[in-house]
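As structure tokens, the structure follows; a few thoughts come after it.
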Amino acid sequence: MAFMAVAVAGFTLATKDHVSPEDKIKLAKSSRLEPQTLLAADIKPGGATEQTVDLRAVADRIQATAPSAVLSDGPSNPQPNAPAPDALAQAAPQSTAPQAAQQQPAQQQSGQAQPASPPKVDESALRYFASRGDKARLQAEISRLQTLYPNWTPPADPLAVPQNSDKQLEAMWQLYSEGRYAELRKAIADRQTAEAGWQPPADLLERLDVAEARARLVNASDLKQYATVIDIAANTQSLLTCSDIDILWRVAEAFIRTDRVKRGQDAYTYMLKSCTNPQERLATIQKAAAMLSYQPMQDLLALEKPDGNGGREFDSIRTDLARRFVAQGNDDPKLTVSQDYLSQVERVARSQGLASDDSLLGWYYLRRSNYSDAEQWFEAAHTKEDSAAISQGLALVLIADHKPQEAEEAMYKWRNESKDAMATYLAATANLMALQPPANLSEDVLGRMAGEVVKQKYVPTAQQFGWYARSLNQPQAAARWFETALRWKPDDEPSAYGLAITRNQLNDRQGVAEVQRLWAGRSQRIAVLGEPATRTPTSAPLPSPNQTVQLTPQIAPQGSLQSAPLAAPQATPLDPITQPPVNAQAAAEPAAPVRRAPPVEYNQAEARTRTAVRGARSPAGCTTTISAELLTPANALSRGWCLMNLNRPMEAVEAFGVALNNTDPKSREEAAYGQSLAYLRAGLANNAAVAATKAPMNHQRAAELQVAILSDRALSAFSGKRYHEALLYLDQRSQLQQERVDLMVLRGYCYLNLKMYDDAERIFTAVAATGNRDGNRGLRDLRLATHPQPGGY
């Protein structure tokens, strides 16, 4: 029918010139398609116990343009043998008038006479969409009315429908069309107050309820309030349809973020089984891949369809998926990634020549102790790009291949890039010094290794320096190294044993006796030192002086003796790093984002807070550095505001975090509010949004934070040239507070960069009318963009 044509071809998400999500839902609820379930969900509205949705009771009111989606405890797969709509209606509560109208054709076919009465159809929305020239919504409304009222005939010319004399109702429809839901609610309430007995059309109220629920769900999702997302979805199941797949994506993410991964997988499965839009299906796989692990993704990819051109519908992202799966294999050495994905990454590594692909494969094979393949790929990567992560992987492979000297050389320049990089470098030094026979090392190499070992207080290499010095017949230097290792780690038995035998070699009997006294009962070989060889230790064998340090991977003896004198260590007050990394990909992560000045809303909110809170928050009380963990929650709260006054927001974040442990609800609210403001001052809007959820806040504070966060996100999106995203945040903010002039300018430049010149001109003209110079500058830039001059841009 015409309805299905519109449902499949006429809907585009988040596009003002197409059917809105609310209209899709309205059409879905009047459809007569066979219902299908989406997923089983542990819904706990308002903290209540788990509830089960009765599918049959709601089936006739949640059918969708594509097979409908509901939160249920039923199976996630579409049910080919599901009962027809009429059968489901029999198991549902008493039908409404529109539902009875849907049953009329079936009753007529059974021979039952039906009284003929002309339907009373509310055509106000029909005429409104026609008068606005909104053809998409006009056709959707005609299809909806035809479904609800089979005997109704649409007018040949919708504009010929008599104009609704109710101008106030016409204005209400306009508010709904423009998404101004709060104003629409107010208009309805004002009229009901002014006109006793007046009731708005049920159709308008129903559309408004769904639209507001959708806005709340999207807002909760953006704020990472995932439990709220699930609650709203459970209470407004008509949102869960393929016609508004963005909502389905958000619900799936909410399940996964609340540790219900199987529910999230069920949601993605429903989308791939039921939704047909190729771009949306592709996006579904991309979103799922970012949320799910390897095995669930294989189940989803099994639902892939042919693309009609001899390929498969997800071929365009096959390489990216393969890279992602191999990366997951790097994180989990027990995960066996299909050879098809490995081959895919290998092919693209050879064809595109990216060092990142070579490194990805190198880490995968290293994690599985396939050192030959790992070395091949890391060598290829290192030839193309000498980075910390690549050098780290190469160094670990070289250590495994009994080449610690080459590993030390590869990592020395990158040792300070991260803790992982330093740990890898130190692992290389320990294995290098443990080689038997000792390696032939230059004074420069020995000096730089000794400097880093002392700086990091790394016991394994310090101990090996002691054994190395003994092999060079330098007992005084050896004794100093053993003493240093014991100062850093007093319970290191091999270093104690090395010190004992070295002092014995130096005829320092008193020194040997001191070591034996300290280790009495803890080391048999130290206890029997100097006694006749016929006495056999009764304890288990202990490490020999020059054994290889137990690092991953272990090394075998090689190298030759070096005769240069070995310098004794000088201790420094830094902590040692004692374990090498297994995977250093985290070292390649980008740095923290550039911080911007906080938005105006933040400054206003903080100013009000500083006015209301005085006394203990004087800067004089927090000029010294102290760990917030040592403070009581009450003192931490005072210190947090004090630090804010000193413009030390990240320290204030920690203080407010401790203050959140307070049992007093008002103190917890203030701590969450303060932490949100601190994050905003640091330019971390996402962290501020999370902090705002840590304690209930009054309406004013919550609104202030939300407005400030949306402003910051809009600025961030604009700076990143994500103009559509910036407009989305500005639209959300405008629903909460009137748009400031500077944000109007930002909106104008978003339109300008998107080549929406008419909208840009409208905004800049309005700003210029206020006397703001930025408006005139925007108009000038607009003219240059539409009529470029020689020498212009």
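Where a number appears in this text, it was derived from the coordinates with a stated rule and is not lab data. What you see is a predicted model; the values in this text were computed from it and never measured. Glycine also receives a Cβ, built like all others from the backbone with ideal geometry; neighbour counts cover every protein chain displayed.
Would you please state the base-10 log of I(q)/I(0) at q = 0.18, 0.21 1/Å for segment 245-404, with intensities from the Debye formula using one equal scatterer on every alpha carbon?
Each listed q maps to, in turn, -1.04, -1.22.
Once the Cβ-Cβ distance between Leu754 and Leu518 is put in as r, and R0 is 60 Å, what FRET efficiency do you end up with, to the nearest 0.05? Please list the in-between numbers first.
On the way: r = 75 Å, r/R0 = 1.25.
The pair Leu754/Leu518 has a calculated efficiency of 0.20.
For segment 671-747, what mean projected area does the convex hull of the alpha carbons give, in nm²?
Result: 4.9 nm².
Holding the Cα-Cα limit at 26 Å, pick out from Lys135/Lys224; Lys287/Lys721; Lys167/Lys755 the pairs that are longer than that.
With Cα atoms farther than 26 Å apart: Lys135/Lys224; Lys167/Lys755.
If each Cα of segment 631-728 is one equal point scatterer, what is log10 of I(q)/I(0) from the Debye formula at q = 0.15, 0.21, 0.22 Å⁻¹?
-0.57, -0.95, -1.01
What percentages, rounded to whole numbers, describe P(r) for segment 350-426 computed over all alpha carbon pairs with 10 Å bin width beginning at zero?
Cα pair-distance distribution for segment 350-426, in percent: 24, 55, 21, 1.
If the cut-off is a Cα-Cα distance under 17 Å, which aspartates and glutamates reach Lys694, setting aside same-chain residues fewer than 8 apart in sequence?
Asp222, Glu654, Asp664, Glu669, Glu670, Glu704
Can you list the aspartates and glutamates whose alpha carbon is less than 12 Å from that of Lys489, not counting same-chain residues fewer than 8 positions off?
The qualifying aspartates and glutamates are Asp575.
In Å and whole numbers, how far do the C-alpha atoms of segment 299-378 stretch along each principal axis, longest first?
Ordered largest first, segment 299-378 gives principal extents of 42, 28, 15 Å.
Rg (Å, one decimal) plus Dmax (Å, integer) for the alpha carbons of segment 308-347?
So, for segment 308-347, Rg and Dmax equal 11.5, 38 Å respectively.
Using only the alpha-carbon atoms, what does segment 741-793 span along each of its principal axes? Please give whole angstrom values in decreasing order.
Computed over the Cα atoms, the extents are 31, 20, 14 Å.
Can you give the local net charge around Lys334? Use residues other than it whose beta-carbon is closer than 13 angstrom to its beta-carbon, Lys and Arg +1, Asp and Glu -1.
Around Lys334, the charge tally is 0.
In nm, to one decimal, how far is the modelled label at Asn507 from the one at Asn661, with both set 7 Å along Cα→Cβ?
6.0 nm
Which aspartates and glutamates, if any, have their Cα less than 16 Å from the Cα of Lys413, not counting same-chain residues under 8 positions apart?
Glu385, Asp386, Asp444, Glu452
Over all alpha-carbon pairs of segment 189-256, lay out the pair-distance distribution in 5 Å bins, whole %, shortest bin first.
Bins of 5 Å from zero give 3, 17, 24, 19, 10, 9, 9, 6, 3, 0 percent of pairs.
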